[in-house]
1. Inside region 118-132, can you point out the residues that are surrounded by 15 or more Cβ atoms within 10 Å (Cβ to Cβ) and outside any helix (DSSP H, G or I)?
2. Based on this model, can you work out whether L12 counts as part of a helix (DSSP H, G or I), of a type in the set (A, V, I, L, M) and surrounded by fewer than 18 Cβ atoms within 10 Å (Cβ to Cβ)?
3. Show the residue pairs that are 6+ apart or on different chains and have beta-carbon atoms under 8 Å apart, the first residue being within region 9-33 and within 20 Å of N60 (Cα to Cα), the second being in a helix (DSSP H, G or I) and modelled with pLDDT of 95 or more.
4. Are any residues in region 34-47 in a loop (DSSP other than H, G, I, E, B) and in contact (Cβ under 8 Å) with a residue 12 or more places away in the chain, and if so, which ones?
5. Can you find, within region 133-156, the residue that is surrounded by the fewest Cβ atoms within 10 Å (Cβ to Cβ) among those that are more than 11 Å from L12 (Cβ to Cβ) and among the basic types (K, R)?
6. If a residue must be more than 14 Å from the chain's Cα centre (by Cα), among the aliphatic types (A, V, I, L, M), part of a strand (DSSP E or B) and surrounded by 15 or more Cβ atoms within 10 Å (Cβ to Cβ), how many such residues does region 72-98 contain?
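The values are calculated or read from the model by the stated rules, or taken from the named source; none is laboratory data. All figures in this text were calculated on a predicted structure; none of them were measured in a lab. Here the Cβ positions follow ideal geometry from the backbone for every residue, glycine too, while neighbour counts run over all protein chains shown.
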Amino acid sequence: MLKIVHYPDPLLSERAKPVRRINRDLLSLIEEMFDAMYEGRGVGLAAPQIGQGIRLCVVNTTGEPHDEIALVNPVLVESTGQATDDEGCLSVPGVRSSVTRAAHVKVRAYDADGKEIEIEADGLEARALQHEIDHLDGRLFFDLLGEAGRMTLRSRLKALEEEYRKEK
């Protein structure tokens with residue numbers, strides 16, 4: 001099982017590099033990422049969250065196998081409206097906050113077969129896609145909060161920083 005990288009690991013703050021080629025190793029990684037995401041009870045997982053600095057993410061907001069989405073080199077091409085909802089992250093355990101994101105998004109990417117796809121999404125799926133693409137750009141959900149929002153999370157983030165230092 002893949003290990004989830006936790007805040008404040010520096011990899012979570014780095015921009016991921018484009019995937020150059022879809023091969024068996026990448027397809028295997030996608031399967032392992034879905035397994036890790038389900039094990040952690042998440043709805044999305046980006047490659048930097050498992051220590052891989054590449055532009056790859058997986059999303060499934062329903063838990064149904066036919067709703068699995070693997071995105072290679074995803075790009076947010078359109079976003080409209082606003083929606084605020086509670087958000088957490090497998091890489092920031094025990095921390096949740098109310099985050100405002102676009103209500104509707106259009107994302108362009110390649111699927112696991114190397115075919116270019118375009119996804120339009122609303123609701124939780126739109127939120128998950130934005131959250132995972134943020135990971136690929138080195139952003140965490142609490143980076144989107146204002147100063148007051150970050151202040152409410154400060155003690156829990158400090159505790160995660162301490163845990164990280166002790167593990168290293």
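1. Once the filter is applied, which keeps residues that are surrounded by 15 or more Cβ atoms within 10 Å (Cβ to Cβ) and outside any helix (DSSP H, G or I), region 118-132 yields I119, A121.
2. no
3. Going by the 8 Å Cβ cut-off, the qualifying pairs are L29/A47; E32/I50; M33/A47; M33/I50.
4. Those that are in a loop (DSSP other than H, G, I, E, B) and in contact (Cβ under 8 Å) with a residue 12 or more places away in the chain: G40, G42, V43.
5. Only one residue fits best here, namely R154.
6. Looking only at that region, the number is 1.
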